[in-house]
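I have placed the structure first, in the form of structure tokens, so that the comments after it can refer back to it.
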Protein chains: 2
Amino acid sequence: VSSPTLLQRFEQGDIRALSRIISHVENEDDGYLELLSHLYRQPRQAVRIGLTGPPGAGKSTLVDGVSRILLEAGEDISVIAVDPSSPFTGGALLGDRVRFKEETQGGRHYFRSLASRGSSGGLSRATDNIALTLDGFGFDLVLIETVGVGQVELDIVDNCDIVVVVLVPESGDTVQTLKAGLTEIADIFVVNKSDRPGADRIVTDLTTMLALRRSQGTHPSVSQTAGETPTLPVIATDAVHGTNLAELVATFNSLLSRKKDNGEFDARRRKQMKRKVSQLLQQRFLTETLQKVASKGDVDRAIESILVGEDDPYSTADRLFEQINLARQSC
Amino acid sequence: VSSPTLLQRFEQGDIRALSRIISHVENEDDGYLELLSHLYRQPRQAVRIGLTGPPGAGKSTLVDGVSRILLEAGEDISVIAVDPSSPFTGGALLGDRVRFKEETQGGRHYFRSLASRGSSGGLSRATDNIALTLDGFGFDLVLIETVGVGQVELDIVDNCDIVVVVLVPESGDTVQTLKAGLTEIADIFVVNKSDRPGADRIVTDLTTMLALRRSQGTHPSVSQTAGETPTLPVIATDAVHGTNLAELVATFNSLLSRKKDNGEFDARRRKQMKRKVSQLLQQRFLTETLQKVASKGDVDRAIESILVGEDDPYSTADRLFEQINLARQSC
């Protein structure tokens, strides 16, 4: 992976080198951690925007439309399309995705699809690492689109700077949607396919609900100290016909400016990085400390006791934890 | 939660007490860990069968049909229907699920639906804990059905003794399916809606592929030491008309006998319990050890360094881990 030639070509802006490096990162090939460490220490500037929502909400078309506007403005845009459902679909949903031609006028464009593999945590980690790679390559924006619905998708977009939840008039009962905790993750709501019946209704409902929540002060991303507490934007788009896509892009920009000014942007990145370091620390704890205990057979014996109903996992974990503590203290 | 009256009523077989206790466990109310510890130390006998597959594969009908056969044979059957996609569907898919009447002849029956909440890990944990509760109540079988597709569902059924992957003729390219790693988790493949065109084809394709994989010895659950390495069963059912459901039940039983005889049953439970204890240990490590380091501001300083590109999360995690080690050694 860390072959100087490949990395040099990557740093010179070679798209094929980028693709190969992304594959190494996705597959977690030997040396990928060194590569990521290197990328973390390079200048980075890319903003990550995550889009999630139910199937059929037109997210791909929306992402393509937004990309086109930004590309024409000369920005370098990358897209990661993640399909966590692919154990069954085999990623076919992404196969027929229209890709931009290299000859598109304006900025550079890169599209990468990412199908499910391994654990759900693995998919979120791979997406995060690929986004870092695209950032290191020099893209201004990484659009992360999740094809499908569910917690895995929410975990993935949780690594973004801005999260867009895309709904359609058919998404129905707005109250239900809000109950489900989507407002806790969303920065922008898009009601796509706004030419369909019911679009006005869902926009009104969403706006009312969000205003209500704001007055109750329950939205975590709304700063309570600021003089004004802006409500979440709700934007009606019709991606197929390009309606309001420019407004959506303008909203990205204004939201980004505001978040950078009031410190929310940095605060979120800090929180994300803290989570990442914690996860890595846990991994090291697991592989090193726990294996030492395990090698003594204590874990295996404890598991047998639980399985025959003489112990339980909670007491076992407590006991093993104390044991590790004591082992360390008798140095 | 640990009110003696409620637990006593639970232990006397009161279904309403069971429902209340399940709610406590699902919501992780105060005292739920003590309750789970108690349940782990009780006699347990329930077998867990997990069913997963794409939407529209007829899993609910299949689960109902299988339940009916087993109930008529006098077994006590419980069902947990999990819908990880509910951030968007609001769990509506489960709302119109046909429930058995209490008056069903034969064994006892209990149905519980579980919609998504919190993190994806939380849903898998809740399902596991509810299954333990149902086991403690005395059910012979816990059928765990996941409504939808994706990694979260695979994580959930990974806590089962037997995993059934339900496909339909429309599921299409079998090779694709196998590539996606479903064979690594499946113990039985069911091709439901076998009255539809293409059913024979998908059964043949699956059988061929599985035989091929078996000869390559790549299936992890196939014992390499045994004289015969049985291939995974592929069963064509038509749940709506009850076709082959009795055969499916017979397959459950024979598979279970074989797994108990050859040690696979115990080995899987041991592995699951080891994972559970590891996760609990990690949690304790995170909440206790890491917080001590964090309180000194080291983590915060490290994160600032990463964010400005002067450090990376991997080196940081390594350094913090060594620091924790050193702190302990200077006791």
Between chains B and A, total accessible area buried, probe 1.4 Å, no ligands or nucleic acids, nearest 100 Å², roughly 6400 Å²
Note, ³J(HN,Hα) from phi for region B:30-35, Karplus 6.51, -1.76, 1.60, rounded to Hz, x at Gly and Pro: 3, x, 5, 5, 4, 4
At 7 angstrom along the Cα-to-beta-carbon line, where would the label on B:GLN42 sit relative to the other copies? Give the distances in nm, shortest first. 5.8
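What number comes out for accessible area per residue over region B:23-77 if the probe is 1.4 Å? Units Å², please. All intermediate terms of the calculation are to be shown ahead of the outcome.
Details: 2170 Å² over 55 residues.
With the other protein chains kept in place, region B:23-77 gives 39 Å² per residue.
May I ask for the net charge around B:VAL142, where only other residues with Cβ less than 12 Å from the Cβ of B:VAL142 are counted and Lys, Arg are +1 while Asp, Glu are -1?
On the way: positive: B:ARG44, B:ARG48, B:ARG112; negative: B:GLU75, B:ASP76, B:ASP128, B:ASP135, B:ASP140, B:GLU145, B:ASP161.
That sum, taken over residues with Cβ under 12 Å, equals -4.
For A:ASP298, B:ASP30, give the ranking by accessible area with the largest first, probe 1.4 Å.
Details: A:ASP298 35, B:ASP30 140 Å².
Per-residue accessible area, sorted high to low, gives B:ASP30, A:ASP298.
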Placing each pseudo-label 7 Å from Cα in the direction of the beta carbon, A:ASP318 and A:ALA73 end up separated by a distance in nanometres of 5.6 nm
Using amide H atoms built in the peptide plane, which far-off residues or other-chain residues are under 5 Å from A:ILE235 H to H? A:PHE189, A:VAL190, A:VAL191
Taking a crude spin-label model, label points 7 Å out from Cα along the C-beta direction, the B:ASP29 to A:ALA267 distance in nm is 3.4 nm
For A:VAL25 the rounded accessible area (nearest 10 Å², probe 1.4 Å, non-protein molecules ignored) is 0 Å²
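What number comes out for the charge environment of A:GLY53, summing +1 per Lys or Arg and -1 per Asp or Glu over other residues with Cβ under 14 Å away? Please report the intermediate quantities before stating the final value.
Working: positive: A:LYS59, A:LYS193; negative: A:ASP83, A:GLU145, A:GLU153, A:GLU170, A:ASP187.
Charge balance near A:GLY53 sits at -3.
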Using a Förster distance of 45 Å, the FRET efficiency for A:SER257-A:LEU286 (Cβ separation, nearest 0.05): 0.65
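What's the average, rounded to a whole number, of partner chain beta-carbon atoms within 10 Å of each residue's beta-carbon in B:45-56? Write down the numbers at each step before the final one.
Details: counts 0, 0, 0, 0, 0, 0, 0, 2, 2, 4, 3, 0.
Across the residues of B:45-56, the mean count of other-chain Cβ atoms within 10 Å is 1.
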Once amide hydrogens are built 1.01 Å from N within the peptide plane, the residues lying 5 or more places from A:TYR110 or on another chain with amide H under 5 Å from its amide H are A:ILE77, A:SER78, A:VAL79
Pull up all non-local amide H partners of B:ILE144: gap of 5 or more, or a different chain, and H-to-H distance under 5 Å with H placed in the peptide plane. B:ILE49, B:GLY50, B:LEU51, B:ILE80
Beyond 31 Å between alpha-carbons counts as too far, so tell me which of A:LYS274/B:LYS59; B:LYS59/B:LYS276; A:LYS276/B:LYS274 fall in that bin. A:LYS274/B:LYS59
Using a 1.4 Å probe and ignoring any ligands, DNA or RNA, find the accessible area of B:LYS193 and quote it in Å² to the nearest 10. 50 Å²
Sort B:GLU72, B:GLU145 by heavy-atom solvent-accessible area, probe 1.4 angstrom, most to least. B:GLU72, B:GLU145
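Using only atoms on other chains, find how many Cβ atoms lie within 10 Å of each Cβ of peptide B:266-275 and report the average. Each step should come with its number before you reach the end.
Details: counts 2, 0, 0, 3, 5, 1, 2, 8, 7, 1.
Partner-chain Cβ atoms within 10 Å, mean over residues of B:266-275: 3.
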Need the list of aspartates and glutamates near A:LYS259 for cross-linking: C-alpha distance under 15 angstrom, and skip anything on the same chain fewer than eight residues off. A:ASP161, A:ASP187, A:GLU228
Could you go through region B:66-76 in sequence order and give the Karplus-derived ³J(HN,Hα) for each residue, using 6.51 cos²θ - 1.76 cosθ + 1.60 with θ = phi - 60°, rounded to whole Hz, and x for Gly and Pro? 5, 4, 4, 4, 6, 5, 5, 7, x, 7, 8
Exposure of B:PHE111 as accessible area (Å², to 10), given a probe of 1.4 Å and all protein chains: 20 Å²
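In what order, largest first, do A:GLU304, A:GLU26 sit by accessible area if the probe radius is 1.4 Å?
On the way: A:GLU304 75, A:GLU26 25 Å².
Sorted by accessible area, descending: A:GLU304, A:GLU26.
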How much length is gained on full extension from B:ASP298 to B:LEU212, taking 0.36 nm per residue of separation minus their Cα-Cα distance? 25.6 nm
First measure r as the distance between the Cβ atoms of B:ALA250 and A:VAL308, then evaluate 1/(1 + (r/R0)^6) with R0 = 25 Å and state the FRET efficiency to the nearest 0.05. 0.30
Which ³J(HN,Hα) values, rounded to whole Hz and listed in residue order, are derived for region A:50-60 from phi using the Karplus coefficients 6.51, -1.76 and 1.60 in 6.51 cos²θ - 1.76 cosθ + 1.60 with θ = phi - 60°, glycine and proline given as x? x, 10, 9, x, x, x, x, 7, x, 5, 4
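The values are calculated or read from the model by the stated rules, or taken from the named source; none is laboratory data. Just so it is clear, the structure is predicted and the values come from calculations on it, not from any experiment. A quick note on method: Cβ atoms are made from the backbone with ideal geometry, for glycine too, and the neighbour counts reach across all protein chains shown. Accessible surface areas use protein heavy atoms only, side chains included; no ligands, DNA or RNA. Shrake-Rupley method; radii C 1.70, N 1.55, O 1.52, S 1.80 Å.
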